[in-house]
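Data first, discussion second: the structure below is written as structure tokens.
We did not get these values from a lab; they are worked out from the coordinates using the rules stated. On a predicted model such as this, the values are computed, not experimentally measured, just so you know. No Cβ is skipped: glycine too gets one built from the backbone with ideal geometry, and neighbour counts run over all protein chains shown.
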Amino acid sequence: MDDTSKLVPLLWDLARDKRRFAVNLVSKETEIAVSIKKGKRWLEFKNKNVSALLAQVKDSHVLA
């Protein structure tokens, strides 16, 4: 659970200036999955490593 707590500040930063914003954060046995709704589509990011998952989210076009 400590690993997923590193994702929450980034997700709050993403949601700060958005009117409509949805995020699902799921921590399964060995994988962490983040789903972010952008427009009408859900973007999914999955990884076992939190650092790699953070890099995937930051490098995506979700922040734009």
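One table, with the values for the structure above:
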read-out: Along the chain, longest interval not containing exposed trypsin sites (Lys or Arg not before Pro), exposed being DSSP loop plus at most 16 other Cβ atoms within 10 Å; value: 49-64
read-out: Cα gyration tensor category, rounded, prolate or oblate, for the chain with a/c compared to 1.5; value: prolate
